[in-house]
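Have a look at the structure below, then the notes.
The values are calculated or read from the model by the stated rules, or taken from the named source; none is laboratory data. For clarity, every value in this text was computed on a predicted model and none was experimentally measured. No Cβ is skipped: glycine too gets one built from the backbone with ideal geometry, and neighbour counts run over all protein chains shown.
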Amino acid sequence: MKERLYRLLAGRVPGIRDRYLRKRQNSNRICAFFYLIFLNVRYYLLLEKKLGVPENCPVYEEKKLCAKCAESAFSPRQTPQAFALLLAQFDVISFDVFDTLVLRFFDTPADVFYLVGLRLAYPNFKALRQLAEQKARAQSLKRGKLGEVTLKEIWDVLEKMTGIDKQTGMQTEWDCEKQCCFANPYMQKTVQLLKQRGKKLIVTSDMYLKEADIRELLEKCGYAPFDAYFVSSAQNASKHTGTLFANIREVFGKNQRYAHVGDNPHADCRRAKQFGFTPFFYQNVHDAGAPYRPQDMSAVTGSLYRGIVNAKIHSGAAQYSKEYEYGYIYGGLFVTGYCKFIHERAEKTAADKILFLSRDGAVLQKAYCRLFPTAAGRTVYAYWSRLAAVKLTAGHYKQEYFNRFLLHKADGGETVGQALMGMELQKMLPALCRTLRLREEMPLTHKSAQNIQKYLMDHWEEVQACYACQTQAAKAYYSAILKGCDLALAVDIGWAGSGAVMLNDAVGSLWGLPCKITGVLAGTETAHSAQPDAMETFFLNGQLCSYLYAQDHNRDLWKWHDAGQNHNLYWELLLGAPEGSLIGFYPDPASRPVCRFKPAPAHAEKIRAIHQGILDFVEDMIAVQRRLCIDISISGRDAYAPMLLATAQKNRAFMKDLEALLDAEHIV
């Protein structure tokens, strides 16, 4: 009867089933059942058909981000010192374990089973493990044991279902559980302070693990031994029914003052209070972060990303600036994945050097060296910019040269004199003005820009002579960098890929250096670009490759990303170093190459905070990979997912404060 009712109410509609199972993990059966009825009413009677779509479907990526403050401010908690002082008033202080004392790298507890299935080389293991636990609890109820089970009882069922040896499976699951858990820094500090006061501290958990396992897990996470451990699987009692709290009072006496800290509103609060405990609700970090995290990601990488971010931002251990969070939440996964992509490309092509082009390459190089320290020696932070490249390669890319300096600036407020000064052709300015009957202070119009272009074409040797010293200085600069190299990767954020293509032309054709340059981009021109196919031949022959998207992969992103909506600038804000962009290369009196730069952008400290957030995420991801003993794959589609939320139209207000940091003069 129960199974038929479940199939009727939850089994037929994936979206309803998805929401019900998530609710069931965090509440009792009665609350979950009424929630299931509520979902069915909304779906069938109120015709809210979007409820039929699972929560991890792209339709649910339209999430509203808070624009008023940093996300870490959404989970205001007392300081550990203040919280410990409050708890110290009680005689016996009880703590929940999972999602309170201990956090997991995954945002959903059952996602640990992905790792177990990987170790056991068993497909669909997560679903089978969950089903086995349901069956074990049903059998427990039939035996009159309140539905509480041990890990052994679960594996008694699972061994029959799968054929996996029970002892091997139990040990593998336990090893994975220990690897995935770490101390909640907020609670760890609170417990330390209470220990110093000599308070009686106990652990209370609804869990299928043994008491000895819980003790081992907590000590492995860095906690000193607690005074007692009350675990549902050993007590045949639970917090959900309140019987576990009753057992505690039997042991320590009914006249003691009791406090309990936990994340479940029903078990840790309502039941605790009902049985004489003063409850202190600690909001689950994943519940706090869920409204702001993308679900449209691959299962394992997405769960790990959300788990890492939620623990960092919502534990209460610290509050961060909006700039830091922009780097950590929206840039960290991207930079980690992009660096892995760069490394794979470098290994595949046997590149001698990896050139991280200024300014976007600054934080990328730092992250790359942290992820791949043994490869750090072949990285170089190389100065390059579109402005310098267009001047140096003007002989080969004349149209790009004139577009950049004249045609795209026509009717934009510049004067004729300013345009020629920007091209560093001031020596030619007097003769040009006389010939074309122009004055320096006259506005640059579309007509005058075309006339100036024709004049410069007719005097092309003179134009080239103006850049001769820069050409020689740039050759000296790159000759030193590329000495002994046959192949180098030029890493940039994008978007056309002209930086790497022009550098390759300068290295080979202009300077005659025996090194080939191939480009690695974060993203390319998109469907919204005026010329979306302009660089496709370079992707076809492998001279360029793109991480996030291109015409041949992740086409939904290729169609979404729109420079007209500032998407390019938002991504560049993640990477752009707090230094001025390169104007060009010039010889000093000793004939050594000297780089000249535009003025540094404003808000340098806020830009550094963005970079610190990125690098902290990289370090956290390195720690997770080391603990789990796996190399976490991060596809370009997953890496873009957090920014899909941030750049959505409904989150314009969220980006507004960050837009003050955008400076098109310094984003080249």
Among ALA530, ALA577, the single one that is over 26 Å from the mean Cα position of the chain (by Cα), aliphatic (A, V, I, L, M) and farther than 18 Å from PHE341 by Cα is ALA530
What about GLY422, is it under 25 Å from CYS469 (Cβ atoms) and modelled with pLDDT under 95?
-> yes
Looking across the range 509-527 at residues that are surrounded by 20 or more Cβ atoms within 10 Å (Cβ to Cβ) and among the polar types (S, T, N, Q), the single one that is farthest from HIS396 (Cα to Cα) is THR526
Note to self: Tell me yes or no: at least one residue of the range 294-315 is assigned by TED's automatic domain parsing to the domain that holds LEU86, of a type in the set (Val, Ile, Thr) and in a helix (DSSP H, G or I).
What the structure shows: no
Those residues of the range 540-565 that are over 11 Å from GLY636 (Cβ atoms), of a type in the set (A, V, I, L, M) and under 23 Å from the mean Cα position of the chain (by Cα) come to a total of 1
Counting only strands (runs of 3 or more DSSP E) entirely within the range 171-232, those with at least 2 residues that are buried (at least 22 other Cβ atoms within 10 Å of the Cβ) and either of a type outside the set (A, V, I, L, M, F, W, C) or at pLDDT 95 or above (or both) are 200-205
**Prompt:** Does at least one position in the range 387-398 carry a residue that is in contact with a helix residue (DSSP H, G or I) (Cβ under 7 Å, 6 or more places away or on another chain), free of Cβ contacts under 8 Å to residues at least 12 places away in the same chain and assigned to a helix (DSSP H, G or I)?
**Reply:** no
Practice item. Report whether or not GLN283 is outside any helix (DSSP H, G or I) and either touching a strand residue (DSSP E or B) at 6+ places or on another chain (Cβ under 9 Å) or surrounded by 20 or more Cβ atoms within 10 Å (Cβ to Cβ) (or both). Key: no
Reported set for the range 519-551 where residues are among the hydroxyl-bearing types (Ser, Thr, Tyr) and out of contact with any strand residue (DSSP E or B) (no Cβ under 6 Å at 6 or more places or on another chain) is THR526, SER529, THR537, TYR547, TYR549
Among residues of the range 179-212 being of a type in the set (D, E, K, R) and free of Cβ contacts under 8 Å to residues at least 40 places away in the same chain, the residue nearest to VAL112 (Cα to Cα) is GLU211
Taking the range 577-592 and keeping only residues that are under 17 Å from ILE607 (Cα atoms) and either of a type outside the set (Ser, Thr, Tyr) or not in a loop (DSSP other than H, G, I, E, B) (or both), one is left with ALA577, PRO578, GLU579, GLY580
For this session: Answer yes or no: is there a residue in the range 610-618 that is surrounded by fewer than 17 Cβ atoms within 10 Å (Cβ to Cβ), part of a helix (DSSP H, G or I), without any contact (Cβ under 8 Å) to a residue 24 or more places away in the chain and in the same structural domain as PHE341 (by TED's automatic domain parsing).
Result: no
When the range 646-663 is checked residue by residue, the ones that are closer than 14 Å to TRP571 by Cβ and either modelled with pLDDT under 75 or of a type outside the set (D, E, K, R) (or both) are ALA646, THR647, MET655, LEU658, LEU661, LEU662
When the range 619-637 is checked residue by residue, the ones that are touching a Ser or Thr at 6+ places or on another chain (Cβ under 7 Å) and surrounded by fewer than 21 Cβ atoms within 10 Å (Cβ to Cβ) are ILE632, SER633, SER635
Note on the range 98-124: residues more than 13 Å from TYR186 (Cα to Cα), surrounded by 15 or more Cβ atoms within 10 Å (Cβ to Cβ) and among the aliphatic types (A, V, I, L, M) are ALA110, VAL112, LEU115, VAL116, LEU118, LEU120
Among GLY327, GLY412, the single one that is more than 29 Å from THR518 (Cα to Cα) and either in the same structural domain as LYS606 (by TED's automatic domain parsing) or not in a helix (DSSP H, G or I) (or both) is GLY412
For the range 71-119 the number of residues that are out of contact with any strand residue (DSSP E or B) (no Cβ under 6 Å at 6 or more places or on another chain), of a type in the set (Gly, Ala, Ser) and at pLDDT 95 or above is 4
Note: among ALA550, ALA534, ALA530, just one is among the hydrophobic types (A, V, I, L, M, F, W, C) and within 21 Å of HIS396 (Cβ to Cβ), namely ALA534
* To do: Check the range 121-128 and report whether any residue there is part of a loop (DSSP other than H, G, I, E, B) and in contact (Cβ under 8 Å) with a residue 24 or more places away in the chain.
  => yes
PHE538 meets each of (1) in contact (Cβ under 8 Å) with a residue 40 or more places away in the chain; (2) more than 26 Å from ALA346 (Cβ to Cβ) with one exception, condition (2)
Pairs returned, first residue in the range 487-508 that is in contact (Cβ under 8 Å) with a residue 40 or more places away in the chain, second residue that is part of a helix (DSSP H, G or I) and aromatic (Phe, Trp, Tyr), beta-carbon separation under 7 angstrom, 6 or more apart or interchain, are ILE493/TRP571; GLY497/PHE538; VAL501/PHE538
Scanning the range 553-576 for residues that are polar (S, T, N, Q) and assigned to a helix (DSSP H, G or I), the one surrounded by the fewest Cβ atoms within 10 Å (Cβ to Cβ) turns out to be GLN565
All conditions in (1) in contact (Cβ under 8 Å) with a residue 60 or more places away in the chain; (2) in contact with an Asp or Glu (Cβ under 8 Å, 6 or more places away or on another chain) are true of ARG137 except (1)
The residue that is modelled with the highest pLDDT, considering only those in the range 515-531 that are more than 21 Å from ALA488 (Cβ to Cβ) and hydrophobic (A, V, I, L, M, F, W, C), is ALA527
For the range 237-277 the number of residues that are more than 18 Å from SER205 (Cβ to Cβ) and crowded, with 18+ Cβ neighbours inside 10 Å is 0
Checked the range 463-486 for anything within 23 Å of LEU425 (Cβ to Cβ) and either without any contact (Cβ under 8 Å) to a residue 12 or more places away in the chain or in a loop (DSSP other than H, G, I, E, B) (or both); matches are ALA465, TYR467, ALA468
